[in-house]
Each structure stands twice: as C-alpha cells, then as structure tokens.
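> I am attaching a structure below and will ask some questions about it afterwards.
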Amino acid sequence: MWWPGYSGQATTHRPNLGPCHGCTWMIVEPNAGDRLADNLNPFGRIFYSASTMICVPASKRQEVGLALGAQAGEARIRDVVERAGFTRFRRATETPFNAVYEARP
C-alpha cells in the first residue's frame with residue numbers, strides 16, 4: 001500500500017541512484033486499476049478498506065500530505081515517479097494481488 005510520504009521516497013531514491021547504468025528502483029503496490037470501476041472486485045474492496053483506514057490518514061499527517069486516494073493505479077504511480085526525475089517506468093510483473101513496477105533514472 002502507499003506508504004506515508006511516497007512522493008518523498010521517490011524524490012529521495014532518484015538522487016541516490018545517481019547517473020549509474022542499470023540501477024533500478026523496484027516498487028511493489030496493490031494491483032489497482034486507474035478507475036474505480038477497475039477495482040470493484042473482492043480484492044479491490046479489501047484494498048480500499050485498508051487504504052482508507054490506514055494509508056490516507058497517515059499520508060495526510062506527512063509534510064507533503066499527497067494522500068493519493070484509497071487506491072492509486074499505474075498512471076498515478078507513474079506520475080509521482082516521473083515527477084521525481086525518473087525517466088523510465090514500466091510494469092515489470094504482476095499477480096492478482098500486487099503489481100511490480102521498475103523505475104530507472
């Protein structure tokens with residue numbers, strides 16, 4: 001699930017990778033869709049419940065307070081990662097529960 005200060009993590013990880021070739025930040029998130037309708041399934045309901053009760057309030061307490069919503073799909077995650085300065089982003093793999101993204105400088 002989205003950690004508090006997720007955009008801060010993206011901003012922190014990017015400079016730490018420096019100009020190296022082959023450096024990768026792997027991101028594991030709930031396998032959520034970009035639209036509400038994409039998430040109306042048994043797993044989505046569990047993810048929405050947990051995120052609404054835990055992730056969103058925790059994010060609001062952080063300095064950035066981005067609170068991306070109850071579920072953030074690939075488009076929103078891509079946006080946060082690219083704003084942090086990563087130039088390559090892709091879905092590396094997925095399961096019914098999780099999506100694994102690869103971000104590179």
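> Can you tell me which residue among 29, 74, 82 is acidic (Asp, Glu) and more than 11 Å from the chain's Cα centre (by Cα)?
82
> Let me ask something additional. Tell me which of these residue 37 doesn't satisfy, since it passes every other one: (1) more than 19 Å from residue 101 (Cβ to Cβ); (2) modelled with pLDDT under 80; (3) small (Gly, Ala, Ser).
Checking residue 37 against (1) more than 19 Å from residue 101 (Cβ to Cβ); (2) modelled with pLDDT under 80; (3) small (Gly, Ala, Ser), the one that fails is (2).
> Just a yes or no: is a residue in segment 69-80 outside any helix (DSSP H, G or I), modelled with pLDDT of 90 or more and loosely packed, with under 12 Cβ neighbours inside 10 Å?
No, because not a single residue in segment 69-80 is outside any helix (DSSP H, G or I), modelled with pLDDT of 90 or more and loosely packed, with under 12 Cβ neighbours inside 10 Å.
> Right, residue 31: surrounded by 15 or more Cβ atoms within 10 Å (Cβ to Cβ), modelled with pLDDT of 75 or more and not small (Gly, Ala, Ser) or not?
yes
> Against the conditions (1) outside any strand (DSSP E or B); (2) modelled with pLDDT of 75 or more, where does residue 26 fall short? Just the number, please.
Here residue 26 meets the rest and fails (1).
> Quick check on residue 42: is it free of Cβ contacts under 8 Å to residues at least 12 places away in the same chain and not aliphatic (A, V, I, L, M)?
Yes; evaluated as a whole, the condition is true for this residue.
> Follow-up question, since we're still on this one. Taking the criterion of being part of a helix (DSSP H, G or I) and surrounded by 13 or more Cβ atoms within 10 Å (Cβ to Cβ), would at least one residue in segment 84-103 satisfy it?
No, there is no match, as no residue in segment 84-103 is part of a helix (DSSP H, G or I) and surrounded by 13 or more Cβ atoms within 10 Å (Cβ to Cβ).
> Could you tell me which of the residues 92, 58, 103, 50 is in contact (Cβ under 8 Å) with a residue 24 or more places away in the chain and within 12 Å of the chain's Cα centre (by Cα)?
None of the other options fit; the residue is 103.
The values are calculated or read from the model by the stated rules, or taken from the named source; none is laboratory data. Everything numeric in this text was worked out from a predicted model, so none of it was measured. Positions of Cβ are generated from backbone atoms using ideal geometry, with glycine treated the same way; all protein chains shown enter the neighbour counts.
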